[in-house]
Amino acid sequence: MDVLTNIRDVQKKAQQIRLDGKSIGFVPTMGYLHEGHMKLIKNARKENDFVILSIFINPLQFGENEDLDAYPRDEAHDLRQAEQSGVDLVFFPSTSTMYPTPLSLKIAVVRRADVLCGRTRPGHFEGVVTVLTKLFNICQPTRAYFGRKDAQQIAVVDALIHDFNFSIKLIPVETVRESDGLAKSSRNVNLIDQERAEAPSIQQALQYGKKLVEQGETDPNIILEKTREFLEFRTHGKIDYIEFLSYPELEPIETIDCQVILAAAVFYKRARLIDNVVFNDAGVTSG
């Protein structure tokens with residue numbers, strides 16, 4: 001496994017692989033790898049000739065009230081996990097490598113970003129699409145892999161690839177969960193015992209809302225109200241949002257007659273957790 005920190009070195013390697021007629025699977029991460037990342041890598045390994053993993057904590061996607069320095073890091077662990085999972089190349093740039101000078105251009109996300117996480121994290125998705133545009137141009141992937149837990153991110157990346165004509169296939173990968181249903185996340189290590197015990201109620205509440213649809217409820221407002229009541233009763237965390245939207249368009253709906261997302265975010269003392277379910281008008285989960 002190669003570990004490269006220089007942009008040009010990665011570009012040259014990727015160009016040669018593509019010239020050889022081989023496919024590149026790309027898994028972008030901010031490190032502190034867990035089983036969710038391993039599943040992304042596993043899928044990339046299965047479907048491509050060459051796998052590139054990037055590890056870069058992107059400062060542009062952290063807001064004023066979000067502590068970039070507190071984001072968990074473990075370089076030795078990440079490299080060990082990457083090698084054991086069959087990654088061919090790890091791109092591990094510094095901030096100064098990715099952003100050597102102040103940016104002269106900015107990408108504005110005008111749709112799919114002002115709801116869910118984007119509503120309370122202004123500038124977050126601009127930071128996401130900026131770094132991904134750079135990473136896509138550096139790593140030149142055939143396929144890019146993202147976890148469904150970050151469903152809004154997938155919707156925004158889908159728009160980025162489509163609008164800017166990247167010849168990349170977006171591959172969403174099912175969320176990896178703990179035995180009690182909590183979505184795997186690097187932020188879970190920041191939960192105290194009581195919070196960790198309550199956190200699975202986020203997914204439980206979303207499944208409760210989905211079940212209402214399965215039982216014939218078609219009014220989004222009723223589903224939102226009952227889902228919120230379910231979650232409020234089971235957690236001391238502060239609910240950031242519970243939203244019910246079309247997917248991947250992320251537009252408001254008046255009735256359930258299309259693919260939708262029911263999503264929630266909850267603030268705990270030192271972690272903000274997100275989760276979602278995506279399903280159709282019959283309550284069938286998206287695969």
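The values are calculated or read from the model by the stated rules, or taken from the named source; none is laboratory data. A quick note: this is a predicted structure, and the numbers were derived from the prediction, not measured. Note that each Cβ is placed from the backbone with ideal geometry, even for glycine, and that neighbours are counted across all protein chains shown.
Only one of Pro59, Pro122, Pro100, Pro72 is more than 29 Å from Asn276 (Cα to Cα) and of a type outside the set (Lys, Arg); which? Working first, answer last.
Values: Pro59 fails: more than 29 Å from Asn276 (Cα to Cα); Pro122 fails: more than 29 Å from Asn276 (Cα to Cα); Pro72 fails: more than 29 Å from Asn276 (Cα to Cα).
Answer to the check: Pro100.
Could you please find all residues in region 201-230 being buried (at least 21 other Cβ atoms within 10 Å of the Cβ), β-branched (Val, Ile, Thr) and under 18 Å from Thr255 (Cα atoms)?
Val213, Ile223, Thr227
Out of the residues in region 19-43 meeting the condition of being of a type outside the set (Phe, Trp, Tyr) and closer than 15 Å to Gln153 by Cβ, tell me which one is surrounded by the fewest Cβ atoms within 10 Å (Cβ to Cβ). Spell out how you get there, then give the answer.
Taking region 19-43 as the starting set, the residues that turn out to be of a type outside the set (Phe, Trp, Tyr) are 19-25, 27-31, 33-43.
If we keep only those that are closer than 15 Å to Gln153 by Cβ as well, we get 27-30, 36-37, 40.
Details: Val27: 32, Pro28: 23, Thr29: 22, Met30: 18, Gly36: 22, His37: 26, Leu40: 27.
Taking the candidates together, the pick is Met30.
Restricting attention to region 268-285, and to residues there that are of a type outside the set (Val, Ile, Thr), over 16 Å from the mean Cα position of the chain (by Cα) and at pLDDT below 95, which single residue is nearest to Leu212 (Cα to Cα)?
Initially, region 268-285 is screened for residues of a type outside the set (Val, Ile, Thr), giving 268-273, 275-276, 279-283.
Those still in the list that are over 16 Å from the mean Cα position of the chain (by Cα) too: 268-270, 279-283.
Adding the requirement that they be at pLDDT below 95 leaves 269-270, 279-283.
Values: Lys269: 31, Arg270: 32, Phe279: 12, Asn280: 13, Asp281: 11, Ala282: 10, Gly283: 8 Å.
It comes out as Gly283.
Could you figure out which of (1) of a type in the set (Gly, Ala, Ser); (2) buried (at least 18 other Cβ atoms within 10 Å of the Cβ); (3) outside the structural domain of Ala44 (by TED's automatic domain parsing) isn't true of Gly127?
Evaluating Gly127 over (1) of a type in the set (Gly, Ala, Ser); (2) buried (at least 18 other Cβ atoms within 10 Å of the Cβ); (3) outside the structural domain of Ala44 (by TED's automatic domain parsing) leaves (3) as the failure.
Please work out if Lys13 is in contact with a Leu (Cβ under 9 Å, 6 or more places away or on another chain), outside any strand (DSSP E or B) and farther than 23 Å from Leu191 by Cβ. Steps first, answer last, please.
Details: in contact with a Leu (Cβ under 9 Å, 6 or more places away or on another chain): yes; outside any strand (DSSP E or B): yes; farther than 23 Å from Leu191 by Cβ: yes.
When the stated conditions are applied, Lys13 passes them.
Just to be sure before I move on: is Ile41 closer than 26 Å to Gly21 by Cα and either assigned to a loop (DSSP other than H, G, I, E, B) or not charged (D, E, K, R) (or both) in the structure I sent?
Details: closer than 26 Å to Gly21 by Cα: yes; either assigned to a loop (DSSP other than H, G, I, E, B) or not charged (D, E, K, R) (or both): yes.
The answer is yes for Ile41.
Looking at region 84-94, is at least one residue assigned to a helix (DSSP H, G or I) and surrounded by 13 or more Cβ atoms within 10 Å (Cβ to Cβ)? If you could, list the steps in order and put the result at the bottom.
Quick first cut of region 84-94, residues assigned to a helix (DSSP H, G or I) only: 84.
Filter again for surrounded by 13 or more Cβ atoms within 10 Å (Cβ to Cβ), leaving none.
Checked region 84-94: no residue is assigned to a helix (DSSP H, G or I) and surrounded by 13 or more Cβ atoms within 10 Å (Cβ to Cβ).
Which of (1) out of contact with any Ser or Thr (no Cβ under 7 Å at 6 or more places or on another chain); (2) among the small types (Gly, Ala, Ser); (3) assigned by TED's automatic domain parsing to the domain that holds Thr235 is the odd one out, the single condition Gly181 does not satisfy?
With respect to (1) out of contact with any Ser or Thr (no Cβ under 7 Å at 6 or more places or on another chain); (2) among the small types (Gly, Ala, Ser); (3) assigned by TED's automatic domain parsing to the domain that holds Thr235, Gly181 is out only on (3).
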